[in-house]
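Asker: Please read through the structure below; I'll follow up with questions.
Where a number appears in this text, it was derived from the coordinates with a stated rule and is not lab data. Quick caveat: nothing in here was measured; it's all calculated off a predicted structure. Positions of Cβ are backbone-derived with ideal geometry, glycine not excepted, and every protein chain shown enters the neighbour counts.
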Protein chains: 2
Amino acid sequence: MLSDNDFNFMRHALELAARAAEAGEVPVGAVVVHDNQVIAEAYNERETRPSALAHAEILALERATEKLGRWRLSGCTLYVTLEPCVMCAGALVQARVDRVVYGATDPKGGAVESLYQVLADSRLNHRPDVKAGVLAPECGTLLSDFFKRRRLIAE
Amino acid sequence: MLSDNDFNFMRHALELAARAAEAGEVPVGAVVVHDNQVIAEAYNERETRPSALAHAEILALERATEKLGRWRLSGCTLYVTLEPCVMCAGALVQARVDRVVYGATDPKGGAVESLYQVLADSRLNHRPDVKAGVLAPECGTLLSDFFKRRRLIAE
């Protein structure tokens, strides 16, 4: 079930994604919410760091973990503008996040509904609740505009 | 194909796993090798940090990335004593590691041969070479001894 807050938190993640685009990064943003408060925010920083692990979700989980001082992120919801990849879906299970809300689907790399359904796998030791498609058009447009601009620059 | 070096590097990972056990952590160790040199080593630090992301593989990939100053870990082999989980298998793909060598299989959480075959997935944008079962008995015994001791303490 979705609340107004879910849309507000996703808008926050979208703002972070826009900042990634400004930095020349594939625009994906994420926030972690605990007790209805944003406790961590991040955007994709793969090129900036540089690190292949610096996806928005991983950085947001790291910051939420530091904030709460525990590895179990129970009581937390992660909002992210794009369907998590295999690495990030696995990290969400490892961190025992209660709930995952995302925007656009990622047919080429998504591991929640597209290529795998990691968060629904009863063989793993945790299954977060999932809500997909929140502000999906806005999240998707940000990505497709970014790639369009990048192709124009490359030509 | 396996070389003497593969066994030596796995022995190095085993020593790191033993240090994890001494620290009260599930004993998994990992090293990253580039140009036949260990450029990063790590062991599981989930409880110590605490962070659900602090698996041996993730920490070793982070350190190798810092060392090389690039997000692509092409030219690198990761050695790890236990079959990587979903998160770590996804991270190995993201980081474009050339080769992954591991010891014991993890029937409950492994994502290379057990629950998933992430590193062999042609839909993803990278497929590392994989060698499984190197020093598997030693790697497995370290883990089973750790859990036996922990159960004895808990009783």
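Asker: With within 14 Å of chain A (Cβ to nearest Cβ) and either buried (at least 24 other Cβ atoms within 10 Å of the Cβ) or touching a strand residue (DSSP E or B) at 6+ places or on another chain (Cβ under 9 Å) (or both) as the only criterion, which of B:LEU78, B:LEU115 stands out? Spell out the reasoning first.
Answerer: Values: B:LEU115 fails: either buried (at least 24 other Cβ atoms within 10 Å of the Cβ) or touching a strand residue (DSSP E or B) at 6+ places or on another chain (Cβ under 9 Å) (or both).
One residue alone meets the criteria, B:LEU78.
So that you can scan it fast, the table gives a plain yes or no per residue for (1) out of contact with any helix residue (DSSP H, G or I) (no Cβ under 7 Å at 6 or more places or on another chain); (2) under 23 Å from B:GLY109 (Cβ atoms); (3) not aromatic (Phe, Trp, Tyr):
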| residue | (1), (2), (3) |
| --- | --- |
| A:PHE9 | yes, no, no |
| A:ALA17 | no, no, yes |
| A:PRO27 | no, no, yes |
| A:LEU59 | yes, no, yes |
| A:THR81 | no, no, yes |
| A:ASP98 | yes, yes, yes |
| A:GLY109 | yes, yes, yes |
| A:TYR116 | no, yes, no |
| A:LEU119 | no, yes, yes |
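Asker: Could you grab me the full set of residues in region A:2-35 that are closer than 23 Å to A:ARG72 by Cα and either among the hydrophobic types (A, V, I, L, M, F, W, C) or surrounded by 14 or more Cβ atoms within 10 Å (Cβ to Cβ) (or both)?
Answerer: Correct list: A:ASP6, A:PHE9, A:MET10, A:ALA13, A:GLY29, A:ALA30, A:VAL31, A:VAL32, A:VAL33, A:HIS34.
Asker: Taking the options A:VAL26, A:VAL31, name whichever one is more than 22 Å from B:ARG49 (Cα to Cα) and more than 10 Å from every other protein chain (Cβ to nearest Cβ).
Answerer: Details: A:VAL31 fails: more than 22 Å from B:ARG49 (Cα to Cα).
When all the criteria are applied, what remains is A:VAL26.
Asker: Give me the pairs: first residue in region A:55-66 and more than 7 Å from A:ALA42 (Cα to Cα) and within 8 Å of chain B (Cβ to nearest Cβ), second residue surrounded by fewer than 24 Cβ atoms within 10 Å (Cβ to Cβ) and not acidic (Asp, Glu), beta-carbon distance under 6 Å, and six or more apart or on different chains, which are they?
Answerer: Note: pairs meeting the criteria are A:THR65/B:SER51.
Asker: Restricting attention to region B:1-51, which residues are touching a Lys or Arg at 6+ places or on another chain (Cβ under 8 Å) and β-branched (Val, Ile, Thr)?
Answerer: If the condition is that a residue be touching a Lys or Arg at 6+ places or on another chain (Cβ under 8 Å) and β-branched (Val, Ile, Thr), then B:VAL26, B:VAL32, B:ILE39 are the ones that fit.
Asker: Further question: Checking A:VAL97 against (1) touching a residue at least 24 places away in the same chain (Cβ under 8 Å); (2) surrounded by fewer than 24 Cβ atoms within 10 Å (Cβ to Cβ); (3) among the β-branched types (Val, Ile, Thr), which single condition isn't satisfied?
Answerer: So the condition that A:VAL97 fails would be (2).
Asker: Residues of region A:96-110 being more than 12 Å from the chain's Cα centre (by Cα) and either among the small types (Gly, Ala, Ser) or more than 27 Å from A:LEU68 (Cβ to Cβ) (or both), which ones?
Answerer: Result: A:PRO107, A:LYS108, A:GLY109.
Asker: I'd like to verify a number: residues in region B:100-121 that are free of Cβ contacts under 8 Å to residues at least 60 places away in the same chain and not in a loop (DSSP other than H, G, I, E, B), how many?
Answerer: Going residue by residue through region B:100-121, those that are free of Cβ contacts under 8 Å to residues at least 60 places away in the same chain are B:100, B:102, B:104-121.
Now drop any that are not not in a loop (DSSP other than H, G, I, E, B), which leaves B:100, B:102, B:104, B:118-120.
Qualifying residue count for the region: 6.
Asker: Could I ask something else about it? I'm told B:GLU138 meets every condition in (1) more than 12 Å from the chain's Cα centre (by Cα); (2) farther than 20 Å from B:GLU41 by Cβ except one. Can you identify the failing condition by its number?
Answerer: Here B:GLU138 clears every test but (2).
Asker: Do the conditions hold for B:GLU83, that is, is it among the acidic types (Asp, Glu), touching a residue at least 40 places away in the same chain (Cβ under 8 Å) and under 27 Å from A:ARG72 (Cα atoms)?
Answerer: Working: among the acidic types (Asp, Glu): yes; touching a residue at least 40 places away in the same chain (Cβ under 8 Å): yes; under 27 Å from A:ARG72 (Cα atoms): yes.
Yes: the conditions hold for B:GLU83.
Asker: Right, here's the next one. Any chance region A:120-141 includes a residue that's in contact with a Pro (Cβ under 7 Å, 6 or more places away or on another chain), at negative phi and not aromatic (Phe, Trp, Tyr)?
Answerer: no
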